[in-house]
Every structure is written in structure tokens, then in C-alpha cells.
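Step one of this worksheet: look at the structure below.
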Amino acid sequence: MSARREKLTSPQTRVALARGNRPVQHLLPIPEPVDTERARRLFRAQRRVAVRTVALLSALLFGMSGAFALFPVLGRVRWAEIPMSWLLLTVVVYPSLFGLALWHVRSAERVEEGDPEHGPEAGASAPRSAGPDGSGR
Amino acid sequence: MISVLAIGLVLVTSLVIGVYGVRAARSASDFLVASRRVTPHWNAMAIAGEYLSAASMLGLAGLVLKNGVGAMWYAVGFTAGYVAVVALVAGPMRRSGAYTVPDFAEYRLGAPRLRKLCGLVVLVIMLLYLVPQFKGAGVVLSLVSGTPYWVGVVLAGVVVSGSIAAGGMRSATYVQAFHYVVKLAFIAVPAVYLVAVAGADTRAEALHPEWGTRFPETTPVEFTVGTRFHLEAPVTVTDASGAPVELAAGEHTVAAGTEYVFPAGAGVPHPAGLPELGGGQWRTPLLGTGGFALFETWSTLLAITLGCMGLPHVIMRFHTSATAHVARRVGVGVIALLGLFYLFPTVYGLLGRVLTPQLVLLRGTDTVAVVLPAEAAPGTAGTLLTALVAAGAFGAFLSTSSGLLLALAGGLSHDLFQGSVPRLRLAVAVGACVAVLMALPVEGIDINVLVVWAFTVAASTFCPLLVLGIWWRRLTLPGAAAGLVVGAVTATGAVGWSILAPTPPGWPAVLLAQPAAWTIPLAFTTMAVASRFTRPPDWAEHAVLRLHSP
């Protein structure tokens with residue numbers, strides 16, 4: 001690596017100055033040699049995971065606010081002098097959101113790893129040696 | 001005075017960092033590769049640092065004081081937005097190689113003209129997001145230095161464009177990461193100190209709003225606008241000339257410029273149009289000043305959670321991750337950092353109700369975070385803390401506005417015209433001017449109202465585009481265009497009407513002020529139905545499948 005100094009620019013500036021010398025993206029091939037059926041299965045599995053996360057997120061947000069409306073007792077019960085509903089809204093919800101997001105990411109990664117033709121992404125750009133069985137290509 | 005010095009220090013430091021700090025940092029033979037090697041931790045901190053804007057630094061505390069604990073739903077929404085980003089958008093967007101949403105639209109649907117329509121939507125969203133930043137800067141500066149509001153706004157605009165022109169364009173990821181630490185420190189340190197120093201009585205009073213709200217000490221209140229308020233009990237105030245004035249219980253109207261001095265222990269008057277300070281609605285953790293608290297909470301949550309992914313400066317950050325795997329994990333990191341930050345604004349609002357309730361009468365609750373330290377901790381400590389919060393808030397506006405202006409100019413440059421450095425500078429300057437001009441008349445509007453407006457537009461336009469584009473193979477170009485137009489017009493129009501023009505009370509007012517509950521489904525439906533009538537190109541399925549293959 002030479003010692004040539006380069007101007008580091010912000011991501012926004014790089015975006016602005018990068019322009020259409022990039023190949024038409026949608027026509028690039030899917031990186032791995034794979035058949036469409038497998039890709040479709042992967043897509044549907046990922047969609048299931050995404051739907052599940054969105055459903056849980058909705059349940060958390062709308063459920064908690066609905067509970068505040070339906071159960072005023074949550075405003076009267078206190079923990080360390082702080083009303084329970086306040087505690088839920090200002091403190092408890094954040095680790096819940098974090099946990100939900102982390103669970104989603106782990107599930108999505110498991111879907112990707114579980115697919116027999118695809119390994120973790122680190123090797124995606126390197127040419128892959130032939131798998132245990134020909135994939136038909 | 002010391003606050004002004006502190007603000008000046010923050011400005012100078014930012015300029016210096018922008019010009020020199022980055023050059024001293026590293027050398028790399030290929031800065032694209034170098035930025036891809038920035039560790040996810042730095043990236044997450046940079047995203048969080050840029051995302052926390054005036055709404056989070058000042059607006060939240062002010063809204064908690066004015067409307068009650070329910071205002072913290074904004075913070076929950078801001079954070080939940082990243083859960084939606086991680087779940088729906090982060091990975092696939094990274095795989096598409098797109099830098100911006102208009103970029104993604106071209107990848108997915110293939111037409112450069114859609115890109116221009118998207119560019120226009122970007123313009124609307126970013127301006128709506130920039131204006132409250134400048135408003136916040138104007139408010140803070142006028143508070144600490146006594147200059148009129150417009151001076152602060154214009155100064156903020158000049159400083160932001162100046163710092164970008166001087167070298168802010170080279171600000172690297174780690175500078176934004178540093179801003180997260182700064183913002184966290186500036187909101188957390190005074191909050192912790194204030195809670196500790198407030199005393200057990202004040203803390204108990206802050207947690208028991210049902211005990212009533214009173215002036216903690218003799219407080220002069222100068223009504224800057226004509227105000228109608230309601231008194232529970234009669235009180236004797238002193239007017240500007242020192243003569244006592246008997247105010248009976250019941251409704252009163254005072255003209256602009258009237259000054260009353262309220263005695264210590266007097267109940268705080270209840271201004272018309274606001275929830276009673278500490279009353280039932282204030283105590284209930286739901287959003288909404290109308291009678292439809294649950295609907296308003298749900299609609300606002302929808303807007304903020306789904307709008308996050310549509311914010312141009314949010315999505316633009318993910319392409320610096322090396323892979324989709326990393327991009328998702330960065331998003332999770334952002335959630336943790338945001339959650340940590342949002343533990344603190346409540347403190348200012350709760351303590352403010354006890355110690356600075358007069359702010360509600362002045363309609364200037366956005367300033368509570370800056371006013372509170374001096375009230376709660378008199379003497380040098382209070383002055384230092386005020387300087388800390390003021391400087392931190394001003395620094396926050398600077399960093400967020402710079403990021404926003406760059407994203408605005410950069411996105412426009414990338415998507416609407418050919419980019420070049422001088423063009424970029426011009427775009428930044430023009431953008432700043434327009435934002436400053438639009439910020440001047442909005443002193444009376446809450447920061448968060450304006451920010452949520454930006455989110456609503458993003459949620460009604462780019463959210464359906466991204467979600468349907470990534471997860472549905474049958475989205476077509478005419479469908480997307482139709483949905484974008486419908487979403488943009490309804491979201492911008494509805495909120496604009498509710499802010500700028502009188503609205504009939506009751507359900508119409510609520511539906512216009514928080515339109516997300518109907519504009520978002522409308523946009524989705526329009527896109528879906530219009531797509532059904534047209535055929536997607538043959539490569540559409542391939543384009544979608546490619547987004548989900550590692």
C-alpha cells in the first residue's frame with residue numbers, strides 16, 4: 001500500500017460524486033451459482049422472518065399503548081415511586097426493542113446459513129470450490 | 001454570557017475538526033476500501049450521532065413538560081424505526097448496491113425518470129426535517145444571549161453552510177461518532193446531576209403530578225402572546241408597576257406584553273388548549289392533546305416507525321457497511337445507542353413541571369432543557385450546566401444539520417443533476433438559505449410537530465416503495481409512481497393544512513394532524529392496485545431474489 005494520502009469524504013459526499021459508471025445493477029447475476037427455486041425458498045423464508053418481526057413490533061407498540069388506555073391501574077401501581085406505566089414507556093421498552101432486533105438478525109442469519117448451498121457471506125466474493133454434490137450447473 | 005462562550009467554543013472546535021482533524025487521521029490508498037473497513041461500532045455510533053437531532057435534544061423534554069409523559073412515545077417511535085429498518089430494509093438495500101432511495105428505485109424498477117420524482121420527494125422530506133433544526137438553534141441562541149429569534153436562525157444557517165464549505169465535507173465517520181458521545185454526555189450529565197441535587201422533596205413532587213402544580217417561588221411571567229387561561233383558585237398577583245391584582249378563579253384573558261408576578265405556592269394557571277399541567281391527561285402515557293389519545297398515539301407511532309426507513313440520510317449510511325450481514329448488525333447497535341440516550345429527556349420534563357412551570361404559560365417549553373439547570377442548581381454549577389446543555393444542543397444542531405444538508409445536496413446532486421464539488425457547495429448554500437427562510441415564521445410551532453411531518457411524508461412515500469420493492473415481486477413502475485404521488489400529496493397537504501390553516505374540531509382535526517393512519521395504507525394500496533393493472537418486466541423477479549441471496 002502506498003503512502004499516498006487520500007481525502008476522506010463523508011458518505012454523503014461520495015454518494016453525490018459517484019455517478020453512473022456503475023453497471024446496470026439489476027442485470028447483475030446472483031452471486032452464487034444457484035437455481036431460482038432455491039432463491040425463491042430463501043426469499044420466502046426471509047419474508048416469514050420479516051413478517052414475524054414486524055408483527056411482534058406492532059404487538060409491542062400498539063399493545064403497550066392499548067394497555068395504557070385500557071388499564072389505568074398501570075398508572076397507579078408504582079415501583080420505586082415511579083408509576084408502572086411511566087417505567088414501561090421510558091425504560092423497559094428500549095431493551096425490548098433491542099432484543100427484538102437482535103432476534104431478527106439472528107433468525108435472518110440462520111436462514112442464510114441453513115441454506116445448504118450458501119455459507120456465511122465472508123466467502124461470497126471468492127470463487128467457491130465445487131460443493132459436495134453438483135448443483136446441476 | 002458563559003453559555004455564549006461555550007457555544008462559540010463548540011463552533012470553533014467543529015470547524016477545526018472539520019478542516020484539520022480528518023487529514024491527520026489516516027492515509028489510505030483507496031478511501032472506498034478504507035471506509036468499508038470502518039468497524040461496525042464506529043458506524044453505529046456515527047449513525048446514532050447524526051440521527052439525534054433537535055427533536056431529541058430539546059423537543060422531547062419540552063413536550064414532556066407541555067403535554068405529559070406521553071411525549072416519550074416519540075422517542076420510542078424514533079428507536080422502533082430502526083427495528084423496522086433492520087427487519088425490512090438494511091440487508092436487501094445493501095445488497096442492491098444502491099446509495100439512496102432514488103438509486104434503489106432505479107435498481108428495482110429501471111426508469112431514470114422515477115429517480116427524479118424520488119429526488120423531489122427527498123427535497124420535501126429533507127426541508128421539512130431541516131427547518132426544525134434551525135428553529136431549535138434559533139431558540140437556544142436567543143435564550144442564552146437575548147438576541148431575537150431570527151438572529152439565531154440566520155446565524156445557524158451561516159455557520160452550518162460555512163463549516164461545510166470550509167471542510168465539513170471531509171468529516172469522516174468517526175467525527176459523527178464523536179458527536180454521539182458529545183450528545184449523550186450533554187444530555188446525561190446535567191440530568192444525573194439535577195436529579196441528585198434536586199432533593200428528595202422535589203423528586204417526589206416530580207413523580208406525583210396528582211399533588212398539583214405550583215410555582216416553586218415568586219415568578220414573574222411576561223406573556224409574549226395574548227393568552228387565555230383558567231385558574232382553579234383565586235390568586236393575587238403583582239403587575240408590572242407593583243400594584244396587586246386580584247385574579248378570581250375561572251377564565252382570564254391577558255393581552256400580549258402583560259407581566260404578572262405570581263407568588264410562591266400559587267397554583268399554576270391552566271392555559272387554554274393545553275392539557276392541565278399534571279392533570280389526568282398529562283399523567284397518562286399516551287400522545288395526544290385532542291380527545292383521541294389512543295388514535296393519535298397509534299398514528300404518530302406509525303408515522304415515525306415507518307418513516308425512519310424513508311429518511312434519506314438514514315438509508316444513505318448503510319451502504320458503508322461491508323456486507324448485508326454487517327449492515328443489519330449495525331442497525332441493532334444503533335438501537336442500543338438510541339435507547340441509552342432516550343433514558344434522559346424525561347428527567348428534564350418531569351423536573352421542569354416542578355421547577356419551571358411558567359414555561360407552559362410562555363409557550364416556550366422547547367427551552368426547558370436549557371432553562372432547568374439554572375433553576376435547579378443555583379450558582380456556578382447551574383451556570384456551567386446551562387452552558388453545557390446549550391453548547392451541546394447547539395453542537396447537535398450543527399452536526400445534524402450538516403449531515404442533513406450534505407445528504408440533501410448530495411442526494412439531489414446524485415439523483416437530479418450531475419455531481420461536482422462546486423455544485424455541491426452551491427446546493428448546500430441554497431438549501432441552507434431556503435431552510436432559514438422557512439424557519440423564520442415557525443417560532444411558535446413545536447420542533448417535534450415539524451419533525452413528525454417529515455417522518456409522515458417519508459412513511460407515506462418511501463416506506464411503501466422500499467417495502468413493496470424489496471418484498472413483493474409484482475411492483476411495477478406506474479404503480480410505484482402513483483403511490484409516491486398519492487402519498488406525498490396527502491401527507492404534505494394534510495399536515496400542512498392542520499398547521500397553517502384552521503381546521504374543524506374533533507375527528508377532522510385529528511385526521512389532518514396525524515394523517516399517517518390513513519395516508520400510509522392509502523399509499524400502499526395505491527401502489528399495489530396500480531401495479532396489478534400493469535405488468536412488471538421479466539427481470540423484476542430476478543432483481544428481488546438477488547436482494548435476499550447472500
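The values are calculated or read from the model by the stated rules, or taken from the named source; none is laboratory data. Keep in mind that what you see is a predicted model, and the values were worked out from it rather than measured. We place every Cβ from the backbone using ideal geometry, glycine too, and count neighbours over all the protein chains shown.
List of remarks:
- Filter result (over 25 Å from A:LEU102 (Cβ atoms), surrounded by fewer than 18 Cβ atoms within 10 Å (Cβ to Cβ) and either at the interface with chain B (Cβ under 8 Å from one of its Cβ atoms) or touching a Ser or Thr at 6+ places or on another chain (Cβ under 6 Å) (or both)) within region A:35-65: A:THR36, A:ARG40
- Against the criterion of being surrounded by fewer than 24 Cβ atoms within 10 Å (Cβ to Cβ), among the small types (Gly, Ala, Ser) and at pLDDT below 90, B:ALA322 qualifies.
- Segments classed as helices (runs of 4 or more DSSP H), wholly inside region B:448-550, with at least 3 members that are under 19 Å from the mean Cα position of the chain (by Cα): B:477-500
- Those residues of region B:325-355 which are at pLDDT below 90 and facing chain A (nearest Cβ under 7 Å), in sequence order: B:HIS325
- Some residue of region B:524-538 being among the hydrophobic types (A, V, I, L, M, F, W, C), within 27 Å of B:VAL449 (Cα to Cα) and at pLDDT below 90: no
- Number of the condition not met by B:LEU52 [criteria: (1) out of contact with any Lys or Arg (no Cβ under 8 Å at 6 or more places or on another chain); (2) at pLDDT 75 or above]: (1)
- Qualifying residue in region B:394-414 (condition: modelled with pLDDT of 80 or more, more than 14 Å from chain A (Cβ to nearest Cβ), over 19 Å from B:THR100 (Cα atoms) and surrounded by fewer than 24 Cβ atoms within 10 Å (Cβ to Cβ)): no
- Residues located in region B:194-248, provided they are of a type in the set (Asp, Glu), free of Cβ contacts under 8 Å to residues at least 40 places away in the same chain and in a strand (DSSP E or B): B:ASP239, B:GLU246
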